[in-house]
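Enquirer: Can you keep this structure in mind? I'll have questions shortly.
Read-outs: derived from the displayed coordinates by stated rules, not from any lab. What you see is a predicted model, and the numbers here were worked out from it, not measured in a lab. Note that each Cβ is placed from the backbone with ideal geometry, even for glycine, and that neighbours are counted across all protein chains shown.
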Amino acid sequence: MSNMHVGIIMDGNGRWARTQRKPRWRGHLAGVESVRDIVRAAPDLGIATLTLYAFSSDNWKRPQAEVGRLFWLLREYCARERAELLENGVRVTGIGRRDRIPRSALNELERTECATSGNDRLNLRLAIDYSSQWEIARASRDLAHRVEQGTLAAEEISTDLLTKALSGGVPPVDLLVRTAGEQRISDFMLWEMAYAELYFTTVLWPDFRRADLTRALADFRRRERRFGGLPAHAAPPPALVPDARAV
Ligand code: FPP
């Protein structure tokens with residue numbers, strides 16, 4: 001599969017910092033290096049869409065100083081990496097709420113989105129102030145408004161329509177990677193991951209590099225994806241109701 005959508009929950013920055021006897025923000029800083037490495041590697045590894053969970057809506061609960069550092073890092077990443085992203089054919093899109101992102105970070109994100117909008121080698125989606133449940137509620141609200149306005153019939157609301165309202169034309173997630181040992185989804189792309197394969201590793205995000213992603217993809221390629229069907233080689237199941245002619 002060479003047009004994959006991979007989602008990554010980048011976890012373990014704080015633990016990494018602790019192992020280095022450094023403050024937590026140094027873990028986030030080191031995490032940016034992993035982001036750089038993985039974004040460079042992704043297109044070579046057959047990934048067409050990469051969604052990184054950079055800041056969940058629950059992360060607002062963290063101390064203000066840490067939140068401030070995270071948005072500073074996002075701003076710096078967008079500003080400093082823009083030229084390389086552009087050159088490497090990466091298109092950057094932010095997903096999530098925009099109304100609470102600090103102005104300076106939002107400006108840099110929007111500049112990067114604008115500058116890279118013509119690229120198509122890798123669609124890099126940064127989930128910032130993101131909550132999947134919130135997105136599903138937002139998409140439902142949008143559809144409800146269309147019903148109110150009379151441009152959509154309630155009966156027309158289908159899984160396809162909700163998919164479009166949620167994430168436009170972005171394909172569903174094939175593989176979710178979560179680092180640092182936790183085995184949770186944490187409100188990340190719940191709808192889009194309906195049939196995703198899940199890969200958990202104990203590697204902390206600041207240590208996660210191209211070789212780790214290559215391992216995750218090799219594991220994914222060994223799996224048999226059935227989407228609720230049967231294995232390709234399986235014999236048809238015996239009939240539950242005996243054939244009337246045979247009785
Ligand atoms: C989880 O580690 C990580 C985050 C909440 C933020 C991820 C952000 C980055 C990697 C840097 C900025 C991103 C981009 C795209 C430039 P944690 O702090 O929860 O770690 P812990 O569970 O070990 O404490």
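Enquirer: Let me have the relative contact order for the chain, percent, based on Cα pairs under 8 Å that are six or more residues apart.
Expert: Relative contact order here is 25 percent.
Enquirer: Anyone know which of VAL177, VAL39, VAL67 comes out most mobile in the 10 Å Cα GNM of the chain?
Expert: Judging by the Gaussian network model, the answer is VAL67.
Enquirer: Dipole of the range 67-125, Cα-centred, from +1 at each Lys and Arg C-beta and -1 at each Asp and Glu C-beta, to the nearest 20 debye?
Expert: Value, rounded to 20: 280 debye.
Enquirer: To continue, here is another question. Exposed loop chymotrypsin sites (Phe, Trp or Tyr not before Pro) only (DSSP loop, at most 14 other Cβ atoms within 10 Å): please give the longest stretch of the chain free of them, not including the sites.
Expert: The longest such stretch corresponds to 1-194.
Enquirer: Another question about this same structure. Between PRO102, PRO63, VAL32, whose Cα lies farthest towards the positive end of the dipole of the range 1-102 when Lys and Arg beta carbons carry +1 and Asp and Glu beta carbons carry -1, centred on the Cα centre?
Expert: PRO63
Enquirer: Work out the charge dipole of the chain with +1 on the Cβ of Lys and Arg and -1 on the Cβ of Asp and Glu about the Cα centre, then indicate which of TRP16, LEU74, VAL177 is farthest towards its positive end.
Expert: Of the options given, the answer is TRP16.
Enquirer: Considering only DSSP beta bridges where both residues belong to the chain, give the percentage that are antiparallel (nearest 5).
Expert: 0 percent
Enquirer: Can you tell me the dipole magnitude for the chain around its Cα centre, using point charges on the Cβ only (Lys, Arg +1; Asp, Glu -1), in Debye to the nearest 20?
Expert: Roughly 940 debye for the chain.
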